[in-house]
1. Just going by the charge dipole of the range 699-850, with Lys and Arg at +1 and Asp and Glu at -1 on Cβ, which of Val705, Leu721, Gln774 is farthest out on the positive end?
2. Give the residue from Gly331, Gly290, Ser360 lying farthest towards the positive end of the charge dipole for the range 163-383; charges sit on Cβ (+1 for Lys and Arg, -1 for Asp and Glu) and the dipole is referred to the Cα centre.
3. For the range 163-383, rounded, prolate or oblate, judged on the Cα gyration tensor with a ≥ b ≥ c (square roots of eigenvalues), a/c < 1.5 rounded, else prolate if a/b > b/c?
4. If you plug each phi of the range 843-851 into the Karplus form 6.51 cos²θ - 1.76 cosθ + 1.60 with θ = phi - 60°, what whole-Hz ³J(HN,Hα) values come out, in order, with x for Gly and Pro?
5. Quick check: at a probe of 1.4 Å, how many percent of the accessible area of the range 699-850 sits on carbon and sulfur atoms?
6. Over 23 Å between Cα atoms: which of Lys107/Lys233; Lys40/Lys62; Lys90/Lys366; Lys180/Lys366; Lys40/Lys76; Lys107/Lys227 fall into that group?
7. Counting only C-alpha contacts under 8 Å and six or more residues apart, can you give the relative contact order of the range 163-383 as a whole percent?
8. Could you give the accessible area per residue of the range 163-383, probe 1.4 Å, as a whole number in Å²?
Amino acid sequence: MALSMHKESLNNKQMDSSKYVRYTPEQVEALERVYNECPKPSSLRRQQLIRECPILSNIEPKQIKVWFQNRRCREKQRKEASRLQTVNRKLTAMNKLLMEENDRLQKQVSHLVYENGYMKQQLQTASVTTTDNNSCESVVVSGQHQQQQNPTPRHPQRDANNPAGLLTIAEETLAEFLSKATGIAVDWVQMIGMKPGPDSIGIVAVSRNCSGVAARACGLVSLEPTKVAEILKDRPSWYRDCRCIDVLSIIPTANGGTIELIYMQTYAPTTLAAARDFWTLRYTTSLEDGSLVICERSLTSSTGGPTGPPTTSFVRAEMLPSGFLIRPCDGGGSIIHIVDHVDLDVWSVPEVLRPLYESSKILAQKMTIAALRHIRQIAQETNGEIQYGGGRQPAVLRTFSQRLCRGFNDAVNGFVDDGWSLMGSDGVEDVTIMINSSPGKFFGSQYNTSMVPSFGGGVLCAKASMLLQSVPPALLVRFLREHRSEWADYGIDTYSASCLKPNPYTVPCARPSGFPSSQVILPLAHTVEHEEFLEVVRLEGQAFTPEDVALARDMYLLQLCSGIDENEVGACAQLVFAPIDESFADNAPLLPSGFRVIPLDSKPDGPGAARTLDLASTLEVGPGSNRSTGDGETNSYNLRSVLTIAFQFTFENHLRDDVASMARQYVRSVVGSVQRVAMAIAPSRISSGLGPKSLPGSPEALTLVCWICRSYRIHTGGELLRADSQSGDALLKQLWNHSDAIMCCSLKTNASPVFTFANQAGLDMLETTLVALQDIMLDKILDEAGRKSLCSEFSKIMQQGFAHLPAGICVSSMGRPVSYEQVIVWKVVDDDNDDAANHCLALMFVNWSFV
């Protein structure tokens with residue numbers, strides 16, 4: 001009886017809750033207002049709603065709850081339907097693009113088949129009439145047919161004030177551009193790794209066998225053609241090498257288009273060659289199918305047209321017919337075709353740098369792909385697909401990135417019209433010093449006059465370029481970003497940050513010991529494809545001696561890192577940073593410094609994708625680490641690249657020479673550090689079969705062991721290993737198998753001590769490997785008592801060479817406590833004469849065990 005009554009009650013409740021309620025328009029309007037404020041109101045809020053709205057008084061609270069549930073469900077379905085429609089439109093547009101690309105490729109194949117048949121016929125003719133000079137010449141002319149594509153017709157000089165003559169040039173430019181963008185005027189070869197798809201960057205190709213260098217891209221973006229055209233015309237916003245662009249004349253055409261005469265200056269990527277400039281005609285018009293076209297070409301004596309402005313610090317380069325074809329898509333968005341075709345006058349640069357100016361892949365990365373990525377970034381920001389933290393608007397973050405790049409480019413180039421002048425050298429020409437004391441000319445959007453002391457001063461830049469062999473740019477920049485303590489000087493960072501303070505610090509000088517810093521990278525923003533990162537770096541100051549406590553403080557850098565993907569072909573890797581203060585205002589003054597690494601040769605196929613960033617791995621020893629590659633494979637990755645370094649500092653007039661000396665010495669120190677890093681991560685040290693492994697008897701390992709043992713003997717008077725072990729291999733084996741944990745950590749005036757080497761017992765104690773060893777800092781494994789003990793004995797170690805630390809507790813990298821009876825710490829020097837330099841700090845944990 002009770003059970004039947006319970007079932008009946010449940011049925012009545014279900015009937016009540018499922019009872020259909022017809023809402024009046026006024027009731028729906030009231031509910032919608034609440035939904036817009038709070039899509040999921042609580043029970044109390046729903047009851048409050050009934051009390052506040054008399055028109056809802058005849059509706060039960062349960063029914064209102066059901067209405068909100070249904071409303072949320074409808075909203076979710078609407079968003080999902082909208083997303084699917086967007087994906088469908090993208091796929092439809094991409095399918096159309098791929099079909100057009102397929103048609104173009106079929107035409108190219110037919111053209112090549114025809115050329116092949118023509119070549120065979122000419123060769124057969126030549127073989128029959130070998131004595132006929134005319135036949136031989138015909139073969140040569142045929143063979144050069146592909147090399148001389150897009151011949152440029154010579155035109156009579158056209159009057160600059162004659163719009164008809166300029167319109168003729170513009171129409172010729174339009175026809176040649178369209179033949180490259182959608183035709184077969186250029187033999188395009190698709191770049192590796194560029195696969196089409198609804199979320200891909202698009203289809204990217206580079207030229208083969210044509211004059212100059214050229215790149216082509218086509219892709220889909222969710223912006224209207226007019227907006228896309230507006231963005232692309234603003235070249236400095238997306239082309240980082242564009243210094244300035246001046247529109248000297250605008251001429252409207254009868255068909256509703258415009259002709260513009262443009263002078264553009266670009267930055268040089270290194271300190272080893274002059275910058276380029278362009279004098280061009282840009283034609284904007286519409287086609288019959290509604291497409292927008294922006295095409296451009298240089299005005300030269302061969303094309304006709306007016307003569308451009310004279311230049312002094314630039315080399316005049318030529319832009320062959322290039323531009324943008326922007327076609328509207330059904331349902332919104334645009335399909336974009338981009339062609340960049342330039343002749344950079346390669347013969348005016350040093351021979352070693354010519355591959356940089358002859359590479360279509362580098363052009364594709366710097367211009368073509370950069371334009372497409374920028375448009376996609378703007379489109380996703382406009383559609384709300386990208387959310388940034390920190391309360392910063394995307395446009396503000398993009399401005400920070402542009403200011404960092406522009407400031408670094410200004411430093412690398414040092415243009416006279418910006419106020420830069422060359423400062424005398426110290427007799428060695430490895431580092432160039434330039435100064436700028438003209439804040440009125442120099443300090444633009446990326447700088448601030450507050451950086452220059454009111455009583456006189458300016459900005460000093462120390463820069464250098466060097467050639468690197470067999471070092472992947474992405475890997476090197478990634479290491480410099482993640483291991484700043486390996487090359488940076490905390491004292492120099494402190495001086496650089498002082499430009500933001502009213503009372504600047506004095507010029508830093510060399511110190512026998514110093515206080516290190518560790519860095520914490522705080523992500524700020526990144527581009528859609530994660531090829532560029534904007535981040536804030538916090539440098540945490542730490543002091544090892546009491547006198548350093550007052551100066552050890554946290555500092556902040558705004559940092560831009562790009563090109564660290566090893567799979568990007570022809571990409572420039574760059575790390576640029578500038579000191580900022582804690583407020584980090586949108587108009588914060590920036591004085592950028594940094595590194596740029598540009599590949600000079602194409603990236604070969606072969607072992608190289610998996611590499612370690614660990615310097616200690618070059619000292620790896622133990623069974624199974626014998627090199628398995630032969631001598632022939634050592635050169636299988638013969639990549640060359642050029643590294644450019646530029647550091648900027650403010651100075652007061654009475655300290656200019658001191659700052660110059662400090663900057664020159666610092667850049668030389670950084671160059672030395674980078675060279676050591678480059679040697680450590682070069683692929684010649686990498687096994688092709690099992691990934692990163694090194695020889696047990698590598699010169700670095702043998703040398704380090706000899707230094708460790710000799711320094712121990714010099715400072716303590718005792719022997720670390722058995723006296724009968726004289727050979728390097730025997731010493732290395734004995735040290736590796738020593739029962740006590742022996743390890744080395746970096747010893748620099750600015751760096752936080754990071755482990756660089758450990759024997760097998762040391763690795764066991766730290767519960768790590770040689771590959772991961774360098775990520776562990778000494779102060780992170782010591783407890784508070786151990787750190788205090790080390791700080792109190794640090795001066796003694798630097799003066800007397802060694803010290804004994806009492807028994808204590810430390811922790812492994814996994815957080816496990818480790819006890820030890822004592823720690824012997826000694827200074828490892830790289831020679832036994834009076835001029836020996838401090839190489840590292842060695843520690844031996846005696847009788848250690850896990851607690």
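The values are calculated or read from the model by the stated rules, or taken from the named source; none is laboratory data. This is a predicted model, so every value here is computed, not measured. All Cβ positions, glycine included, derive from the backbone under ideal geometry; neighbour counts span all protein chains shown. These area figures cover heavy atoms from the full protein model, side chains too; ligands, DNA and RNA do not enter into them. Shrake-Rupley method; radii C 1.70, N 1.55, O 1.52, S 1.80 Å.
1. Comparing the listed Cα positions along the dipole, Gln774 ranks first.
2. Ser360
3. Values: a/c = 1.59, a/b = 1.15, b/c = 1.39.
It comes out oblate by the Cα gyration axes.
4. Computed from phi, the couplings for the range 843-851 are 10, 10, 8, 8, 6, 7, 6, 6, 7 Hz.
5. On the way: 3290 of 6580 Å².
Roughly 50 percent, rounded to a whole number.
6. Details: Lys107/Lys233 31 Å; Lys40/Lys62 14 Å; Lys90/Lys366 26 Å; Lys180/Lys366 19 Å; Lys40/Lys76 13 Å; Lys107/Lys227 32 Å.
Lys107/Lys233; Lys90/Lys366; Lys107/Lys227, as the Cα separations exceed 23 Å there.
7. Values: 452 pairs, mean separation 54.6, N = 221.
So the answer I get is 25 percent.
8. On the way: 7670 Å² over 221 residues.
For the range 163-383, the solvent-accessible area averages 35 Å² per residue.
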